[in-house]
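The values are calculated or read from the model by the stated rules, or taken from the named source; none is laboratory data. Keep in mind that what you see is a predicted model, and the values were worked out from it rather than measured. Here Cβ is always computed from backbone atoms with ideal geometry, including for glycine, and neighbour counts include all displayed protein chains.
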């Protein structure tokens, strides 16, 4: 196992990066992993880093991402780190060659969760300041039974008052960062301050080595030396820290230290920066805001009120049947995670234990009716008849907004009165989602009554909105918000771990050079028309058109589909891979990505394929809206013959435009978050702190 992973964000540092990387590759610690994260650099830094990646390929790893700032790059690097301990180093600084060996050895000797060292401030004209850690003296107690936990708590309190919060003079036990999901706040400066204070409560052993290992380079154009309106981020950072301690129920234990820290930071650091801001209007505004904060922090009752107010977030409950692997479920995970920094989020499910639950941020609460999915035909009847009882037990008067995130049982449960506002989210073609039998007609009929209870209905596509209106007429206020997806997560998982790639390559082997691979990611249900695709595949094989189709997913139709593949004798070329937690390496490896459903919603999986710049084949359903402005796509008429003819042309090489390589698709859907937040603003008016 790698002993230490060092994460180095790189952005426009061509004058410094060589010295930084040289100090890392020459470390006396051999089991070291150097993770370079190119954060969209625009200078020659990339050329310099490439030399190190090539020469030291066994220890230097290189990743690229769209520019998102220092915190974003560090967080990105953490996803790839494999070391027992993790370190961060800014690309304009450098370190002594024995730094990580000595710090790691001390960490192992004392079983430390974090080890800190000293550092030197260095200016280009030769000035140096030696920054030595304060001696956090602890008075010896006469109580010989005093526990280690009491001692470490005293150390933490002393560190809270006068800390060195910089991230790059420390190594951290990686397991703790991952278990606590401690990350740097993105889009803000003072990021080290929030990271340090959110991690500190979890540390059980903190060690210190009395050596000047880090050379902290001072630059006139560095973030810390550039005074702009971003200096005001300190207020957001302090608020975030206070809320965190309150939410973790540890605020009372540390409130005196937090109060002292807040005043000290505002006067000793923030105010000095603010006074250097050239713009008079911005400078005056920041000074006045600082004075207000200082007055509030100076009054105990006001300080208590600040923490209470900041913790009074808008309470939102999302509902979905189960957080299993699926499109709507994936969207909900991404939306809930990104909103959880500003809102108090709870997710209610009928069935617990879904595969995606583990991807939720730790500050998101969950509740469920049943701890696991139960195959019982009476449960839907129970949910329908006892919907009001379920709502009153779990939801009534506990939230500000109820959001039914999927059609069906959740929409019925969430329709009952009890909370302030209600939103329904429609992902599918409402005319087809329940089927065509009498039971389906009954469901559509009663749902018209339930939808009338909602203050707003959100659709993920224009087609779904149109179909809904045809079925239910004018029900209530409506809006279209396309599915939000976390682009960085998709790219990260598509490139994840060499062993995953090797496994994908082994599975998706081609029998000859020109063979085509098609990948479908889908639940195995009738809606997805996999049986139709199997028949098309058989016809193509019979005509001598060699190709392979891989289907990733699971569902109630699995046995029937496997029997059909067996019956048509295409087992070797139509391959079911089952439910795979990370499908993105398979999508990336495929020649084409397909979605051949009878009916669909917006098609989130198509957004993921777009991010990976894959040629896309999709039947003419509402999902086609997702590829409207995407060049490498083929929209196919929704019938078996059209699918057959289209795949035949592709295999024969007659659809050249799909093969044309283009630059990565510029996928940016941050505006969707603003639309979602706008919906929340529209639907409620309470006194709470929403950024």
Problem set entry | Single unsatisfied condition, residue 210 versus (1) at pLDDT below 95; (2) farther than 17 Å from residue 72 by Cα; (3) touching a helix residue (DSSP H, G or I) at 6+ places or on another chain (Cβ under 8 Å) | (3)
Exercise. Out of all the residues in segment 604-629, which are touching a residue at least 24 places away in the same chain (Cβ under 8 Å) and either surrounded by fewer than 19 Cβ atoms within 10 Å (Cβ to Cβ) or not assigned by TED's automatic domain parsing to the domain that holds residue 547 (or both)?
Worked result: 613
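Does residue 279 count as at pLDDT 85 or above and surrounded by fewer than 18 Cβ atoms within 10 Å (Cβ to Cβ)? Can you show your working first?
Working: at pLDDT 85 or above: no; surrounded by fewer than 18 Cβ atoms within 10 Å (Cβ to Cβ): yes.
No; evaluated as a whole, the condition is false for this residue.
So, of the residues in segment 502-526 that are part of a loop (DSSP other than H, G, I, E, B) and under 22 Å from residue 544 (Cα atoms), which turns out to be modelled with the lowest pLDDT? Don't jump to the end; show me each part of the working.
In the first step, residues of segment 502-526 are kept if they are part of a loop (DSSP other than H, G, I, E, B); the result is 508-515, 522-525.
When the remaining residues are screened for being under 22 Å from residue 544 (Cα atoms), the result is 508-515.
Details: 508: 80, 509: 76, 510: 77, 511: 73, 512: 72, 513: 68, 514: 73, 515: 84.
Out of the qualifying residues, it is 513.
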Exercise. Looking at segment 213-231, which of the residues that are in a helix (DSSP H, G or I) and out of contact with any helix residue (DSSP H, G or I) (no Cβ under 6 Å at 6 or more places or on another chain) is modelled with the highest pLDDT?
Worked result: 230
For this session: All but one of (1) closer than 27 Å to residue 623 by Cα; (2) in contact with a helix residue (DSSP H, G or I) (Cβ under 6 Å, 6 or more places away or on another chain); (3) in contact (Cβ under 8 Å) with a residue 40 or more places away in the chain hold for residue 403, so report the exception by its number.
Result: (2)
Seminar exercise, completed: Across (1) outside any loop (DSSP other than H, G, I, E, B); (2) over 23 Å from residue 650 (Cα atoms), residue 538 clears everything bar (2)
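From the list 176, 152, 129, which residue is modelled with pLDDT of 90 or more and in a helix (DSSP H, G or I)? Spell out the reasoning first.
Details: 152 fails: modelled with pLDDT of 90 or more; 129 fails: in a helix (DSSP H, G or I).
176 is the lone residue from the list that is modelled with pLDDT of 90 or more and in a helix (DSSP H, G or I).
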Problem set entry | Residue count for segment 65-124, restricted to those that are part of a helix (DSSP H, G or I), touching a residue at least 60 places away in the same chain (Cβ under 8 Å) and over 28 Å from the mean Cα position of the chain (by Cα) | 9
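Table: residues versus (1) closer than 25 Å to residue 608 by Cα; (2) over 16 Å from the mean Cα position of the chain (by Cα); (3) in a strand (DSSP E or B); (4) not assigned by TED's automatic domain parsing to the domain that holds residue 178.
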site	(1), (2), (3), (4)
324	yes, yes, no, yes
334	yes, no, no, yes
337	yes, no, no, yes
342	no, no, no, yes
357	yes, no, no, yes
368	no, yes, yes, yes
384	no, yes, no, yes
389	no, yes, no, yes
399	no, yes, no, yes
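So, residue 13, is that one in a strand (DSSP E or B), within 24 Å of residue 219 (Cβ to Cβ) and in contact (Cβ under 8 Å) with a residue 12 or more places away in the chain or not?
Against the criterion (in a strand (DSSP E or B), within 24 Å of residue 219 (Cβ to Cβ) and in contact (Cβ under 8 Å) with a residue 12 or more places away in the chain), residue 13 does not qualify.
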Seminar exercise, completed: Filtering segment 17-30 down to residues that are at pLDDT 95 or above and not in a helix (DSSP H, G or I) yields 26, 27, 28, 29
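How many residues are in a helix (DSSP H, G or I) and surrounded by 19 or more Cβ atoms within 10 Å (Cβ to Cβ) if we restrict to segment 186-212? Steps first, answer last, please.
Initially, segment 186-212 is screened for residues in a helix (DSSP H, G or I), giving 191-202.
Adding the requirement that they be surrounded by 19 or more Cβ atoms within 10 Å (Cβ to Cβ) leaves 191-200.
Counting residues in segment 186-212 that are in a helix (DSSP H, G or I) and surrounded by 19 or more Cβ atoms within 10 Å (Cβ to Cβ) gives 10.
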For this session: For residue 638, work out the one condition from (1) surrounded by fewer than 14 Cβ atoms within 10 Å (Cβ to Cβ); (2) in a loop (DSSP other than H, G, I, E, B); (3) at pLDDT 90 or above it doesn't fulfil.
Result: (1)
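crowded, with 21+ Cβ neighbours inside 10 Å and either in a strand (DSSP E or B) or in the same structural domain as residue 81 (by TED's automatic domain parsing) (or both): is that true of residue 565 in this structure?
So residue 565 does not fit the description; no.
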Exercise. Is it true that residue 35 is under 21 Å from residue 176 (Cβ atoms), touching a residue at least 24 places away in the same chain (Cβ under 8 Å), crowded, with 18+ Cβ neighbours inside 10 Å and touching a helix residue (DSSP H, G or I) at 6+ places or on another chain (Cβ under 7 Å)?
Worked result: yes
Exercise. Taking segment 164-173 as the region of interest, how many residues are in contact with a helix residue (DSSP H, G or I) (Cβ under 6 Å, 6 or more places away or on another chain) and in a loop (DSSP other than H, G, I, E, B)?
Worked result: 3
For this session: For segment 352-374, indicate whether the set of residues that are more than 25 Å from residue 428 (Cα to Cα), surrounded by 20 or more Cβ atoms within 10 Å (Cβ to Cβ) and touching a strand residue (DSSP E or B) at 6+ places or on another chain (Cβ under 8 Å) is non-empty.
Result: no
